[in-house]
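The structure appears below as structure tokens.
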Amino acid sequence: DLKRLLNDKHPDVRYSAAQALGRIGTPAASRAFHKSMRSGMRVFLGTQ
């Protein structure tokens with residue numbers, strides 16, 4: 001589940017999951033990606 005991987009402890013996993021969601025482009029994938037962005041980019045910076 002890519003949404004779950006957005007919260008993985010490894011930054012590379014989080015980054016790859018976000019990239020994959022962006023490529024999928026479905027409304028559900030878009031919502032998951034944008035939700036992670038609204039959280040202050042914690043997904044990418046690892047400051048959860």
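The figures follow:
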{"quantity": "HN-Hα J in Hz across segment 26-38 - Karplus 6.51, -1.76, 1.60, θ = phi - 60°, x for Gly and Pro", "calculated": "6, x, 5, 5, 5, 4, 5, 5, 5, 4, 5, 5, 5"}
{"quantity": "Net +/- balance of residues flanking Ile24 in space, Cβ distance below 12 Å, scoring K and R +1, D and E -1", "calculated": "+3"}
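The numbers here are math on the coordinates, done by the rules we state, and not lab data. Quick caveat, the model's predicted, so the values are computed rather than measured. All Cβ positions, even for glycine, are placed from backbone atoms using ideal geometry, and neighbour counts span all protein chains on display.
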